[in-house]
Amino acid sequence: MLLVFVLIAGVGTYVYSLYAGAKNTVNNKMHEEVTSIDHEITKKKIQAKEPLNVLLLGVDERNGDRGRSDALMVLSVDPNNDRSQLISIPRDTRTEMVGDSSQAGKLDKINHAYAFGGTEMSIQTVENLLDIELDYYVKMNMEGLSDMVDAVGGITVNNELQWTDTGYYKKGYEYNKGDITMNGPETMGFVRMRYQDPNGDFGRNERQRKVIEALIDKGASVGSVNKIGNMMDALGNNVTTNMDFSVMKDLLVNYRSASNTITTYQMKGSGTKISGVYYLQVSEQEIQDVHNMIKEYNS
């Protein structure tokens, strides 16, 4: 009985230390509210277990340079119907800049919104483009993606295109067709490659979605429990969000079933050059269709 008590006490201490460490990391290192989202309305949505829209931003930040958003996705979470939807917005999409910046009101690439006005302007520009309300955002420095993949012990994805990395890392990583298991640096080459893909940015966005899904699956698995400390370190150093720890707990308890089914979609458009600059022109019909897809998840 004494041995059992000691084991239980040890497990309890370990669990509490993980809990306390996670809470400290989220609230003190990751949490950052924004004025463009009404957090009181969002809290009421969570209490009522209503569907939520989350903006996922992958940004390319360097010292002394805010950078641009390399990836933009809207995640719609519907716990009442046990489903989620992940929609990619191509970074070259030409749209109106909205927010507190001298560039507000001008037409430009949507990924420039982050360069002009940070997270606030990215949120407002996406909301304006799709005529939706965003409840949360999660911003990850793309360089931190490598740390996150290594923290969970690597990920496995299905690769549909065979190539050798000669661009991002130039280390000759081989990406064979079929299921491939990758570490952090290999994953960075996987999501960065664009010019060897006949689908260009569209192909890269698809690979980014696959990596996100694989990270969610691996991070949520029972086998990753002993990696929680490493995962929190990677998140704390590379992720910013307006979710605090209490919100994350509510999402884990009340919204977990929404991960049962995840569908993906990428906005479509036609490439064109304006004054020598490449843009993706997205039709009003396509924008309306994507708006309707998100609204259907929110109903």
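Any read-out appearing in this document is the output of simple, stated calculations on the displayed coordinates, not a laboratory observation. Remember, predicted model here, so these are calculated numbers, not experimental data. For neighbour counting, all protein chains shown are included, and Cβ atoms are generated from backbone atoms with ideal geometry for every residue, glycine included.
A few comments on the model shown:
- Over segment 2-298, Cα pairs under 8 Å with separation of 6+ residues give a relative contact order of 25 percent.
- Here the 3J(HN,Hα) profile of segment 254-269, calculated from phi with Karplus coefficients 6.51, -1.76 and 1.60 at θ = phi - 60°, is 9, 10, 4, 5, 5, 7, 4, 10, 10, 10, 10, 8, 10, 4, 10, x Hz, Gly and Pro shown as x.
- Hits among lysines - C-alpha to C-alpha of LYS218 under 24 Å, sequence gap 8 or more where chains match: LYS23, LYS29, LYS139, LYS177, LYS210, LYS227, LYS249
- Sum of -39500 (n - 2.57) over DSSP H runs of 4+, divided by residues of the chain (222 nm, nearest 500): -13500 deg cm²/dmol
- Length released on extending from ALA104 to LYS177, taking residue separation times 0.36 nm less the Cα-Cα span: 21.9 nm
- For the chain, the share of DSSP beta bridges that are antiparallel, to the nearest 5, is 70%.
- Label point of ILE274 set 7 angstrom out along Cα-Cβ; within segment 108-133, amide nitrogens under 12 Å from it belong to 108-110.
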